[in-house]
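*Asks:* Sharing a structure below in structure tokens format, with a few things to ask.
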Amino acid sequence: MTATEMKKRNKVITLSQFIAEEQQKFPEASGDLSKIFRDIKFAAKLVNRDVNKAGLVDILGEHGSTNIQGESVKKLDVIANEEFINSLAAGGDCCAIISEEEDYIRHLNKDAKYVIAMDPLDGSSNIDVNAAIGTIFSVYRRVSEVGSEVTEADCLQKGVNQVAAGYVIYGSSTMLVYTTGNGVNGFTLDISIGDFCLSHPQMKTPDLGKIYSVNEGNYNQFADGFKNYIKQCKENSMSARYIGSMVADFHRNMIKGGIFMYPATGSAPNGKLRLMYECNPMAMLTEQAGGKATTGNQRIMEVEPTELHQRVPVIMGSSKMVDELVSML
Ligand code: AHM
Ligand code: MG
């Protein structure tokens, strides 16, 4: 019985079972990508545990302070970064990691063929107020020879080269949502068994939605096309929804239909969000769910990256809404 058939019959299917089944469709697959998912899944469970303890600062100590055992308390985004890197390093199937939390490329096993780009804890300003946050990741196949030193060209690839992309949302429940280019599937962490179970098979975003998500505090700095589109959203009594945590805003809009924007502003001419860690993975997921992702001028996944921490303006979500906004720019 396939995973989807099992889900239809209300049978539990775990992320590992699902990945194993997907891998069988590609007899030539080495299984390395499945092992990377095993490592990401493990790190996500560790981060989930730590995020759930975040409210206990009075007991565990404030970030930057020293706790009762005399250890310095690290910020959660630093902890999450270490947990993902340690898990992927221990697995041995990843040759390098680039991370929003790292200034340079982290070199791992040069005999492995995959590079990971990640934002280990996105929306981290929301931790203190107990709102949803997330981890974003994507996987690329290196372009240099396996066994040689990893180069910048291995890490700075266009989004169209992503082999897989996904996110973990630490919300009212914790979910891992991913794509390998064959649709988007969502798995919810069942704490009682300690595993992610298929809960949202073949996620699709509606072509049209009623939600627009943007930091309207920056309105005066937006280009006229954005201002006009936002005015039109208000005239049409659409719902403004913006958490300020990309994963949470994206997840809601993908399910309900909507548009997410982080345009250029006077002070941030390329917007705020990072091409490699935030925009490319979310663009792949959006497209795989039937939506669109653009800078306003160009499909996000076709932007040629020139530096690790490059930022790009972003518009993504329901396809007809993205088209409409782009036509107004
Ligand atoms: P971070 O990577 O420093 O957490 O910043 C990224 C976050 C996104 O999750 C979110 O969409 C955006 O920043 C919110 O920014 P703003 O507060 O400017 O609206
Ligand atoms: Mg981020």
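Coordinate-derived values only; no laboratory data. Source: prediction; values computed, not measured. Positions of Cβ are backbone-derived with ideal geometry, glycine not excepted, and every protein chain shown enters the neighbour counts.
*Asks:* Given the Cα-Cα distance of SER125 and VAL326 and 0.36 nm per residue of separation, how much length would full extension add, in nm?
*Replies:* Answer, rounded to one decimal: 69.4 nm.
*Asks:* Kirkwood-based Rg over Rh for the stretch 62-216 (C-alpha set), two decimals?
*Replies:* Working: Rg = 17.7 Å, Rh = 17.6 Å.
We get a ratio of 1.00 for the stretch 62-216.
*Asks:* Where does the charge balance sit around CYS233 when Lys and Arg score +1, Asp and Glu -1, over other residues with C-beta under 12 Å from its C-beta? Don't skip to the end; give the middle numbers.
*Replies:* Values: positive: LYS210, LYS227, LYS231, LYS234, ARG241; negative: GLU216, GLU235, GLU324.
Value of the local net charge: +2.
*Asks:* While we're looking at this one, here's another question. What does the charge dipole of the stretch 183-260 about its Cα centre add up to, to the nearest 20 debye, if the Cβ of each Lys and Arg holds +1 and the Cβ of each Asp and Glu holds -1?
*Replies:* The dipole of the stretch 183-260 has a size of about 260 debye.
*Asks:* Net charge within 13 Å of LYS113 by Cβ-Cβ distance, Lys/Arg positive one each and Asp/Glu negative one each, not counting LYS113 itself?
*Replies:* So the surrounding residues net to -1.
*Asks:* What is the ratio of the Cα radius of gyration of the chain to 2.2 N^0.38 Å, with N the residue count, to two decimals?
*Replies:* Values: Rg = 19.7 Å, N = 329, 2.2 N^0.38 = 19.9 Å.
Cα Rg divided by the expected 2.2 N^0.38 Å: 0.99.
*Asks:* Going by how many other beta carbons lie within 10 Å of each one, how would you line up SER148, SER124, fewest first?
*Replies:* Arranged by neighbour count, lowest to highest, SER148, SER124 become SER148, SER124.
*Asks:* Could you work out the helix-only [θ] at 222 nm for the chain, with each DSSP H run of four or more residues adding -39,500 (n - 2.57) and the total divided by the number of residues, to the nearest 500 deg cm²/dmol?
*Replies:* Result for the chain, helices only: -9500 deg cm²/dmol.
*Asks:* Run the dipole for the chain about the Cα centre, Lys and Arg Cβ at +1, Asp and Glu Cβ at -1, nothing else charged, and hand back the magnitude in debye, nearest 20.
*Replies:* So the magnitude is around 1160 debye.
*Asks:* Let me ask another. Which of PHE137, PHE84, GLN23 sits closest to the plus end of the dipole of the stretch 3-200, meaning its Cα is farthest towards the positive end, when Lys and Arg get +1 and Asp and Glu get -1 on the C-beta?
*Replies:* Result: GLN23, furthest along the dipole toward the positive end.
*Asks:* Using per-residue counts of other Cβ atoms within 10 Å, averaged over each peptide, order 273-282, 238-247 from highest down.
*Replies:* Result, highest mean Cβ count within 10 Å first: 273-282, 238-247.
*Asks:* By average Cβ neighbour count within 10 Å, what is the ranking of 129-135, 114-120 from highest down? Before the final figure, lay out each step's value.
*Replies:* Numbers: 129-135: 19.7, 114-120: 26.7.
Highest to lowest by the protection proxy: 114-120, 129-135.
*Asks:* For the stretch 159-256, count the residues as N, evaluate 2.2 N^0.38 Å, and divide the Cα radius of gyration by that value, please.
*Replies:* This ratio for the stretch 159-256 stands at 1.31.
*Asks:* Follow-up. Taking only the alpha carbons of the stretch 211-328, what extent do you get along each of the three principal axes, in Å, biggest first?
*Replies:* Per principal axis, max minus min of the Cα coordinates gives 39, 32, 26 Å.
*Asks:* Treating only the Cβ of Lys, Arg, Asp and Glu as charged (+1, +1, -1, -1), what charge dipole size does the stretch 242-329 show about its Cα centre? Round to the nearest 20 debye.
*Replies:* With Lys and Arg at +1 and Asp and Glu at -1, about 220 debye.
*Asks:* Out of all DSSP beta bridges with both ends in the stretch 211-328, state the antiparallel percent to the nearest 5.
*Replies:* Once the DSSP bridges in the stretch 211-328 are tallied, antiparallel ones form about 65 percent.
*Asks:* Moving to a separate point now. Give me the mean projected area, in nm² to one decimal, of the convex hull enclosing the Cα positions of the stretch 261-301.
*Replies:* If you wrap the Cα atoms of the stretch 261-301 in a convex hull and average its projections, you get 2.8 nm².
*Asks:* Still on this structure: Residues with beta-carbon under 11 Å from that of LYS35, excluding LYS35: net charge, scoring Lys, Arg +1 and Asp, Glu -1?
*Replies:* Numbers: positive: ARG38, LYS41; negative: ASP32, ASP39, ASP93.
Net local charge, LYS35 excluded: -1.
*Asks:* If packing is taken as the average count of other Cβ atoms within 10 Å, what order do 199-208, 87-96 fall into, highest mean first? Don't skip to the end; give the middle numbers.
*Replies:* Details: 199-208: 17.0, 87-96: 20.8.
So the peptides 199-208, 87-96, ranked by packing, come out 87-96, 199-208.
*Asks:* I would also like to ask the following. With each pseudo-label sitting 7 Å past Cα toward Cβ, what's the PHE26-GLU82 distance in nm, one decimal?
*Replies:* 3.4 nm
*Asks:* Something else about it: Would any residue of the stretch 212-228 have its amide N under 12 Å from a label point 7 Å out along Cα→Cβ of ALA240? List them or say none.
*Replies:* The answer is 212-220, whose backbone nitrogens lie closer than 12 Å to the label point.
*Asks:* Still on this structure, please answer the following. Which far-off residues, 5 or more places away or on another chain, put their amide H under 5 Å from the one on VAL163, with H placed in the peptide plane?
*Replies:* Long-range HN contacts for VAL163: VAL139, TYR140, ARG141.
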